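See below for the structure under consideration.
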Amino acid sequence: MQSPPASLRLRIDRAALTGNWRALDAMSGTARAGAAVKADAYGLGVRHAVPILRDAGACDFFVAHWCEVAAVLDHVPPVQLAVLHGPITAEDAAFAHATGVRPVINSVQQARLWLGAGGGACDLMVDTGINRLGLPPAQLGEPDIARLQVHTLHSHLASADEDSVQNRQQRALFAQVASTRTAACRALANSAGIALGRDYAFDMTRPGIGLYGGVPRAELADSIRQVAFPQVRTMQVRQLQAGDRVGYGGVFVAPHAMRVATVALGYADGYLRSWGGTGRLQAGAEQLPLLGRVSMDMVVVDLSAAPDLGPGDWLDVPYNLPAAAQAGGLSQYELLTLLGPRLERLVTE
Ligand SMILES: *Cc1c(COP(=O)(O)O)cnc(C)c1O
């Protein structure tokens, strides 16, 4: 028997996701925009986001882990997918070879694993200053690197969301590396990097957060629209008397009689306990402040502004990413990727 529709959902706005990819692609100038779809498309769900991005025009997809490959291959051919972490074990390299998905080679060690598995087209990530993952430029001359069949030469910006001299330094070093190690395609910019200007775009860009409604730089604010809208159903409505306490620890004490609602959203869904003091839900434009602690599966909100609301009615969780990041003390990236599996992902037109 099929489960009934969930009481907690993440509405995904197809037009906004399509529009964001097209905007970032246009801003990439003569370069084409790919799409970072790691971490289940930043929490939106690969099975929803990838077909929309593909239909919008994206041809180059990126995940981090090999375990993320299968879900993407349900929607795009293997030549359109690359795995950023590269092969960490011989099994990874064999899997890449068997599926035809390109590994992003990040070190001489990874180059050897790939060549040992039979080699073929791969990507190469060169570290130009993030010192996280990627081949140090000094090792470009290593024989096993020289033997690679490089499809796309990548590097990754460390500070693209800031006005840092590091951006120009990384751009210059990448241009220099690309002139010595030629590849069919060169890619440097993430979402924020696209906003740094056309000279950061090279042949391909790799936006992630901007696709999903994140605004990592102010220059993108007018082009990026919210994509993911969490919504939750009211379960129960009750009348409190002055002095009644709400939730664990009874930390909220009603100052006067008030009507409140218990809704089906908790920290197990990514709605952090630390938001209990300041968080609010919305009924249309009306603000409903949270009362007391966030529980694992529910929160209680003040219904003063929405007297007609009853059990089964839907509330919105404010999730405009730049605003929510400011209000909740988390990054826009964390806000998306922490949303739990109990939110039913639902694409709307
Ligand atoms: C995640 C990731 C991206 C996308 O970055 P955003 O800041 O989300 O646009 C691009 N490139 C690499 C290497 C990444 O790991």
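Return yes when residue 50 is open to solvent by less than 30 Å² (accessible area, probe 1.4 Å) and of a type in the set (Val, Ile, Thr) and no when it is not.
On the way: open to solvent by less than 30 Å² (accessible area, probe 1.4 Å): yes; of a type in the set (Val, Ile, Thr): yes.
Against the criterion (open to solvent by less than 30 Å² (accessible area, probe 1.4 Å) and of a type in the set (Val, Ile, Thr)), residue 50 qualifies.
How about segment 322-346: which of its residues are in contact with a strand residue (DSSP E or B) (Cβ under 8 Å, 6 or more places away or on another chain) and either crowded, with 17+ Cβ neighbours inside 10 Å or among the small types (Gly, Ala, Ser) (or both)? Spell out the reasoning first.
Residues of segment 322-346 in contact with a strand residue (DSSP E or B) (Cβ under 8 Å, 6 or more places away or on another chain): 336, 339, 342-346.
Answer for segment 322-346, where residues must be in contact with a strand residue (DSSP E or B) (Cβ under 8 Å, 6 or more places away or on another chain) and either crowded, with 17+ Cβ neighbours inside 10 Å or among the small types (Gly, Ala, Ser) (or both): 336, 339, 342, 343, 345.
With the structure loaded, tell me whether residue 129 is within 16 Å of the ligand (Cβ to nearest atom) and touching a strand residue (DSSP E or B) at 6+ places or on another chain (Cβ under 6 Å) or whether it fails that test.
Details: within 16 Å of the ligand (Cβ to nearest atom): yes; touching a strand residue (DSSP E or B) at 6+ places or on another chain (Cβ under 6 Å): no.
So residue 129 fails the test.
Step by step: first the residues of segment 8-42, then only those that are open to solvent by 10 Å² or more (accessible area, probe 1.4 Å) and assigned to a loop (DSSP other than H, G, I, E, B), then the one that is nearest to the ligand (Cβ to nearest atom). Which residue is that? Once the filter is applied, the top-ranked residue is 29.
Only one residue in 188, 173, 124, 157 is open to solvent by 50 Å² or more (accessible area, probe 1.4 Å) and modelled with pLDDT of 95 or more. Which one?
Details: 188 fails: open to solvent by 50 Å² or more (accessible area, probe 1.4 Å); 124 fails: open to solvent by 50 Å² or more (accessible area, probe 1.4 Å); 157 fails: open to solvent by 50 Å² or more (accessible area, probe 1.4 Å).
Only one candidate qualifies: 173.
Okay, residues lined up against (1) of a type in the set (Ser, Thr, Tyr); (2) over 32 Å from the mean Cα position of the chain (by Cα); (3) assigned to a loop (DSSP other than H, G, I, E, B):
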{"site": "211", "(1), (2), (3)": "no, no, yes"}
{"site": "239", "(1), (2), (3)": "no, yes, no"}
{"site": "262", "(1), (2), (3)": "yes, no, no"}
{"site": "294", "(1), (2), (3)": "no, no, yes"}
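Taking each residue of segment 61-77 that is within 16 Å of the ligand (Cβ to nearest atom) and open to solvent by less than 50 Å² (accessible area, probe 1.4 Å) and looking for partners that are at pLDDT 95 or above and small (Gly, Ala, Ser) with beta-carbon atoms closer than 6 Å, six or more apart or interchain, yields 61/35; 62/36; 62/82.
The values are calculated or read from the model by the stated rules, or taken from the named source; none is laboratory data. Everything quoted here is computed from the prediction, not taken from an experiment. With ideal geometry, Cβ positions are generated from the backbone for all residues, glycine too; neighbour counts draw on all protein chains shown. What goes into the accessible areas is simple: the full protein's heavy atoms, side chains included, and nothing from ligands, DNA or RNA. Shrake-Rupley method; radii C 1.70, N 1.55, O 1.52, S 1.80 Å.
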